[in-house]
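Below is one structure, written out as structure tokens, with a few remarks after it.
Every read-out reported here was derived from the displayed coordinates using simple, explicitly stated rules and does not represent laboratory data. Predicted, not measured: the structure shown is a model, and the values here were computed from it. Please note: Cβ atoms are built from the backbone with ideal geometry, for glycine as well, and neighbour counts cover all protein chains shown.
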Amino acid sequence: MSDAPEAVLQVRDLVRHYRLPRESLFKPPGHVFALNGVSFDIQKGKSFGIVGESGCGKSTLARNVMALEETDAGSVKILGNEVMGRSFDQLRPLRQHFQMVFQDPYGSLDPHHDVGWIVAEPLAALGPITQEERQRRVTEVLESVGLKQRDARKYPHEFSGGQRQRIAIARALITHPELIVADEPVSALDVSVQAQVLNLLKELQEKFGVTYMFISHDLAVVEYLCDEVAVMYLGEIVEKGRTEDLFAAPAHPYTRILLDAVPQPGSGKKRERIKLAGNVTGQTEQRRGCAFQDRCPMMRDVCRRERPTLAEIGPDHTAACHFSDELLKNGLEN
Amino acid sequence: MTLLNVTDLSVTLSTADGAARAVRDLNFSLEKGQTLGIVGESGCGKSMTALALMGLLPEKSKTDGTIKFNNEDLLQKSEAEMCNLRGNRMAMIFQEPMTSLNPVHTVGRQVMEPLRLHKNMSKADAVAEAIKLLDRVGIPNASERLGNYPHQLSGGQRQRVMIALALSCAPDILIADEPTTALDVTIQDQILELIQSLVREEGMSLILISHDLGVISENTERIMVMYGGAAVETGPTETFFDALTHPYSQGLFAAMPKLGMGRTSRLMTIPGVVPDLINLPTGCTFTDRCPLATAECAKTTPPLRQLTAGHQVACHHLEEAREKRPEELFA
């Protein structure tokens, strides 16, 4: 790939299927088709948002990008290095370049250790360093997320949810990574605290040029933070584009419906809109045609027969729908 | 007729660290068929208010004030009398549909329980009614679902079962505490729509509790903003967001990412954290985070003052707060 050098993260045709327990001795085991060929690039210093409902495979994607579990097929390159198929020991020196922030700031910090220890732990991947160097980096990173040097001796329970998420971000930053994968980092936080953490993430990006892969179900949060967005449905990317383009002119009915479903303060009354019936179902079957066919208000015969591929509909804007042009021109119709 | 009238409601929880004043001097009333939204961050007392109304507060708590429901004071009632009201005249939907249904009983049995208890229905009648209820809340194949256990249903369906349960005795008032927080946006949309249409058709009153200003704004007629256990601003939903006055309400609104605001603008943040309910500061609880705070704020608690019809704000610096926009307050 010619554009490879700039891409911090390059994911190609990532596939992950989980085997289900056998229902009977004589039946072949079923599978959960969590990822069905996901491809995207993230350029240096950019934020890439991934949105979708629960069960669409966003967290599986994060785990696979972080090489936390085995993948079935595909390739994940971080700074040009392939991480798929490498052993734990081989990955260890690479891990300093990609770090993760988890959703739950209560569950992701070990309560038995003080903050200094927790934040310094990823430094082990860098090889031996002196005690002074270690101290210096802990102080530096705590200050950059708005905590104080003396907080290093406190334990996680002494902090509020927002402060804990700052600690988790500090832990991710201490190795000076190129890429931070954040899986719903602000979902568990209150509105006023969420705003503080979002602004912090933005500041850190401006200061250190770090790249984010940002997973969220909250479209407003993604719009605020991300340069590019991918919308996932049943383990596939159904639409991808620059945030401004995708939010202004969604070219997949699912994106359109998701955007319509977000309640907006101030409008006072319910807006007229197309509502989505049913749940996300079909993770355990592989079908012909479009993944969204069961819930799509625009469904036609061709959607049952042929699977739409991601097609270019504008500069850097792709959507997997047979009727993108129609949707953009006429809007959603029942 | 006023259905619910809460005056000077205070809830004090006794914890290992001391008494936590979860709700302080709360006043509000609700007409029949009216919808009220209570919004605030965690620890602001919104859930405790709901539990106090239902008489479900933890044992180590003290409740003062009066809760008049159909002109009877709920706080004077015995547990047996409350049992008669609960699930019958007033019902509640909880936040987590995963944990609020009993995992060892079938869905049918749980929906039938209030029918058998409050309406003395025979088993056959209760089954027929339960099927009708599940059908009503949009669960497909209701008669087959009766035999299902909660783990066999999805999150959205479990919340629908909770709603069916709450509706079973056609209560006068429905209290929904963060009913959609654990759900996806599209499912949230379906559930809120369902609650809305049920409230409209049955003429129930609704108290909707949420941290999401969008959810509250689209589903209620009146809004009450709570902070540190007390109401800081209340008003009619239609004009509420244009007339936001209390510095906290303004900050909360400005801190919320909204679709369409783009990436160039910056979210306002309220400095500091929510107050500790055990060591509540004297005076206005928002003092240490408020850009308008003066010495007076730290000394005396501001009363709720009428600004326009139905719009009340608890702030010492009303005029100043009214003129300032969030950008000036939290720059």
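For the listed residue pairs A:154/B:299; B:299/B:324; A:154/B:62; A:44/A:329, the alpha carbons are over 27 angstrom apart in A:154/B:299; A:154/B:62; A:44/A:329. Inter-chain neighbour count for B:209-216: the average number of beta-carbon atoms from partner chains within 10 Å of each residue's beta-carbon is 3. Estimate the FRET efficiency between residue B:119 and residue A:176 by the formula 1/(1 + (r/R0)^6), using the beta-carbon distance for r and 45 Å for R0, to the nearest 0.05. Efficiency computed from Cβ-Cβ geometry: 0.10. Residue by residue along B:178-190, Cβ atoms of other protein chains within 10 Å of the local Cβ number 5 on average. Karplus-based coupling profile of the range B:317-327, in residue order and whole Hz: 10, 3, 4, 4, 5, 5, 7, 7, 9, x, 4, with θ = phi - 60° in 6.51 cos²θ - 1.76 cosθ + 1.60 and x standing for Gly or Pro. The Cα center of the range B:1-24 and the Cα center of the range A:279-318 differ in position by 52 Å.
Once backbone amide H atoms are built at 1.01 Å from N, residue B:229 has B:45 as its partners under 5 Å, excluding neighbours fewer than 5 places away on the same chain.
If packing is taken as the average count of other Cβ atoms within 10 Å, what order do A:209-218, A:64-73 fall into, highest mean first? Present the calculation step by step, with values, prior to reporting the outcome.
Values: A:209-218: 22.1, A:64-73: 16.6.
Sorting A:209-218, A:64-73 by mean packing, highest first, produces A:209-218, A:64-73.
Hydropathy first: keep DSSP H helices in chain A averaging at least -0.5 on Kyte-Doolittle, then drop any whose Cα extent along the axis falls short of 15 Å, and list what survives. Let's see the in-between values first.
On the way: long enough: A:131-144 (20 Å, -1.70); A:161-173 (18 Å, -0.24); A:191-208 (25 Å, 0.16).
Within chain A the helices that satisfy the rule are A:161-173, A:191-208.
Here the dipole of chain A is about 580 debye; that uses its Cα centre as origin and unit charges on the Cβ of Lys and Arg (positive) and Asp and Glu (negative). In order along the range A:296-301, the Karplus-derived 3J(HN,Hα) couplings, from 6.51 cos²θ - 1.76 cosθ + 1.60 at θ = phi - 60°, round to 7, x, 9, 4, 10, 4 Hz, and Gly and Pro are given as x.
Under a 5 Å amide H cut-off, with hydrogens placed 1.01 Å from N, residue B:29 pairs with B:6 among residues at least 5 apart or on other chains.
Cα-Cα over 27 Å: which of A:240/B:258; A:148/B:46; A:58/B:258? Numbers along the way, then the final one.
Numbers: A:240/B:258 21 Å; A:148/B:46 32 Å; A:58/B:258 22 Å.
Beyond 27 Å between Cα atoms: A:148/B:46.
With charges set only on the Cβ (+1 for Lys and Arg, -1 for Asp and Glu), what does the dipole of the range B:162-231 come to about its Cα centre, in debye to the nearest 20? If you can, show how the numbers build up before the last one.
Values: 2 positive and 11 negative charges, 36 e Å.
Dipole magnitude for the range B:162-231 comes out near 180 debye.
Our note on the geometry: Cα centres of the range B:210-243 and the range B:261-331, 15 Å apart.
Among A:68, A:105, A:261, which residue has its Cα positioned farthest towards the positive end of the charge dipole of the protein assembly as shown, with +1 placed on the Cβ of Lys and Arg, -1 on the Cβ of Asp and Glu, and the dipole taken about the Cα centre? Of the candidates, A:68 comes out farthest on the positive side.
Semi-axes, largest first, in whole Å: what does sqrt of 5 times each Cα gyration tensor eigenvalue give for chain B?
Working: eigenvalues 270, 104, 61 Å².
In descending order the semi-axes read 37, 23, 17 Å.
Taking a straight line from the alpha carbon of residue B:32, these lysines sit under 19 Å away, with near neighbours fewer than eight places off in the same chain left out: B:68.
Explain nothing, just the number: dipole magnitude of the protein assembly as shown about its Cα centre with +1 on each Lys and Arg Cβ and -1 on each Asp and Glu Cβ, in debye rounded to the nearest 20.
On the way: 71 positive and 85 negative charges, 195 e Å.
Dipole magnitude for the protein assembly as shown comes out near 940 debye.
A dipole drawn for the protein assembly as shown from +1 and -1 charges on Cβ atoms has a positive end, and of B:105, A:32, A:220 the residue lying farthest that way is B:105. The H on the amide N of residue A:292, modeled in the peptide plane, is under 5 Å from the matching H of no residue at least 5 residues off or on a different chain.
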